[in-house]
Amino acid sequence: MSCEAIIVESAALHAFAAEAFRRAGVDAADAAYCARCLVEADLRGVESHGVLRLPIYMRRLRSGAVNARPRPKAMSGGGALEVWDGDGGMGYLVGRAAMLRAVELAREHGIAAVGATHSSHFGPAGIYSRLAVEHDMIGVAMSNVVAKVVAPGGSRPITGNNPLAVAVPSFGEFPFALDMSLSAAAGGKLLLAAKRGESIPLDWATDVEGCPTDDPAVAFEGYYQPLGGIKGLGLSFVVDILCGLVTGGPFGRQLKSMYSSDAPTWTGHMMIALDVLRIVPREVMKERMAAFFSDIKASPMRDPSAQLRVPGERAYRTELRRRADGLPLLCGVFDELTQLGRELGLTATLSPKA
């Protein structure tokens with residue numbers, strides 16, 4: 001198929017992904033949730049973590065590298081701090097369980113942190129920080145991942161591009177929602193660039209020798225540059241300590257890649273919830289966040305037609321538009337999903353929006 005993108009209905013894409021997860025052994029309710037997380041990423045413009053990832057998830061679920069029906073449970077800690085065993089499950093399910101537990105504990109203590117180990121890739125970290133916002137709390141979510149980031153000038157990876165997200169309720173149109181990986185570009189962006197046949201900036205990644213490259217396929221097999229140089233590298237170390245070292249899970253170069261191994265990755269997460277309404281009344285918080293947003297958006301730009309956006313605003317408005325107009329899938333991704341549907345014998349099908 002020769003085209004740039006195919007528009008599909010988000011509901012049809014969700015049905016397709018949910019059936020795929022069910023065929024791989026995931027419980028129906030959990031399958032629907034995992035599918036929702038993937039489709040939501042595409043709706044919000046985070047295609048690097050959307051249905052592009054469905055084939056690798058299917059491979060790992062079907063091989064047993066990921067437990068299709070995990071039973072996450074507390075394994076240590078007390079009070080407002082716990083660590084959970086993810087039972088080798090989908091990161092979406094483990095991450096959700098950890099953040100919901102953090103919210104529950106924060107109701108009691110005002111602030112709580114729940115770490116998780118024995119998990120797997122959990123998609124965009126913003127899923128979990130925004131989950132806390134749904135309960136009127138500030139949410140912080142992070143995860144460690146396989147070491148693919150080199151230090152500036154380094155030739156061997158030393159840490160992961162460990163994602164970090166913070167969401168704050170505004171009690172307005174959309175929350176403040178910062179979501180970032182700590183590499184110059186996430187691995188999913190390299191996959192997208194490769195599927196589009198595009199080159200990448202030289203400061204995004206290196207080849208396996210540590211030399212900068214503009215070839216996304218070479219970069220995906222190589223290493224990533226840290227976001228903001230040594231500062232991003234330092235933050236990545238912090239996330240690795242909180243998600244891997246203190247939870248008792250693997251950290252640094254001990255972690256495995258879901259793309260190069262059929263073994264469990266044992267990824268770790270840390271979820272933090274702050275019951276902000278204990279210290280700021282709802283209406284006061286709403287007024288102050290509105291003033292905060294207004295101050296950001298009033299910041300003058302060199303281009304008078306441009307406007308500074310609040311973190312999370314672009315994704316929010318992209319989701320509104322794509323829910324109404326349809327969701328664009330790269331033709332390569334559409335073809336790959338169609339082939340996956342045939343392999344799994346899915347009854348749900350994908351077709352271009354009429």
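The values are calculated or read from the model by the stated rules, or taken from the named source; none is laboratory data. These numbers come from a predicted model, not from an experiment. A quick note on method: Cβ atoms are made from the backbone with ideal geometry, for glycine too, and the neighbour counts reach across all protein chains shown.
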In segment 176-211, anything within 30 Å of M137 (Cα to Cα) and surrounded by fewer than 18 Cβ atoms within 10 Å (Cβ to Cβ) is listed as L178
Pairs returned, first residue in segment 294-319 that is closer than 30 Å to S10 by Cα, second residue that is hydroxyl-bearing (S, T, Y), beta-carbon separation under 6 angstrom, 6 or more apart or interchain, are L308/S299
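Scan S120, S48, S63, S76 and give me the residue that is surrounded by fewer than 24 Cβ atoms within 10 Å (Cβ to Cβ), under 27 Å from A185 (Cβ atoms) and of a type in the set (G, A, S).
Numbers: S120 fails: surrounded by fewer than 24 Cβ atoms within 10 Å (Cβ to Cβ); S63 fails: under 27 Å from A185 (Cβ atoms); S76 fails: under 27 Å from A185 (Cβ atoms).
One residue alone meets the criteria, S48.
Among the candidates N144, N162, single out the residue that is in contact with a Cys (Cβ under 6 Å, 6 or more places away or on another chain) and in contact (Cβ under 8 Å) with a residue 40 or more places away in the chain.
Working: N162 fails: in contact with a Cys (Cβ under 6 Å, 6 or more places away or on another chain).
Selected residue: N144, the only one of N144, N162 that is in contact with a Cys (Cβ under 6 Å, 6 or more places away or on another chain) and in contact (Cβ under 8 Å) with a residue 40 or more places away in the chain.
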With criteria (1) touching a Leu at 6+ places or on another chain (Cβ under 8 Å); (2) of a type outside the set (K, R); (3) surrounded by fewer than 23 Cβ atoms within 10 Å (Cβ to Cβ), L38 comes up short on (3)
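Each row is one residue, and each column tells you yes or no for (1) loosely packed, with under 15 Cβ neighbours inside 10 Å; (2) within 27 Å of M58 (Cα to Cα); (3) polar (S, T, N, Q); (4) touching a strand residue (DSSP E or B) at 6+ places or on another chain (Cβ under 8 Å).
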{"site": "T213", "(1), (2), (3), (4)": "no, no, yes, yes"}
{"site": "A219", "(1), (2), (3), (4)": "no, yes, no, yes"}
{"site": "G222", "(1), (2), (3), (4)": "no, yes, no, yes"}
{"site": "G228", "(1), (2), (3), (4)": "yes, no, no, no"}
{"site": "L233", "(1), (2), (3), (4)": "no, no, no, yes"}
{"site": "L242", "(1), (2), (3), (4)": "no, no, no, yes"}
Of (1) more than 30 Å from I56 (Cβ to Cβ); (2) not assigned by TED's automatic domain parsing to the domain that holds L245, R314 fails just (1)
Please verify whether G25 is assigned to a loop (DSSP other than H, G, I, E, B), within 29 Å of T318 (Cα to Cα) and at pLDDT 95 or above, treating the condition exactly as stated. no
Taking A113, is it surrounded by 24 or more Cβ atoms within 10 Å (Cβ to Cβ), of a type in the set (G, A, S) and touching a residue at least 40 places away in the same chain (Cβ under 8 Å)? no
So A18 fits all but one of (1) crowded, with 22+ Cβ neighbours inside 10 Å; (2) touching a Cys at 6+ places or on another chain (Cβ under 7 Å); what number is the exception? (2)
Unique residue being at pLDDT 95 or above, under 13 Å from V145 (Cα atoms), in the same structural domain as G110 (by TED's automatic domain parsing) and of a type in the set (V, I, T) when the list is I272, I241: I241
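Out of A141, A106, A184, which single residue is farther than 19 Å from I241 by Cβ and in contact with a Phe, Trp or Tyr (Cβ under 6 Å, 6 or more places away or on another chain)? Before the answer, list the steps.
On the way: A141 fails: farther than 19 Å from I241 by Cβ; A106 fails: in contact with a Phe, Trp or Tyr (Cβ under 6 Å, 6 or more places away or on another chain).
A184 is the lone residue from the list that is farther than 19 Å from I241 by Cβ and in contact with a Phe, Trp or Tyr (Cβ under 6 Å, 6 or more places away or on another chain).
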Which number in (1) in contact with a Cys (Cβ under 7 Å, 6 or more places away or on another chain); (2) more than 20 Å from A97 (Cβ to Cβ); (3) at pLDDT 95 or above marks the one condition that C3 misses? (3)
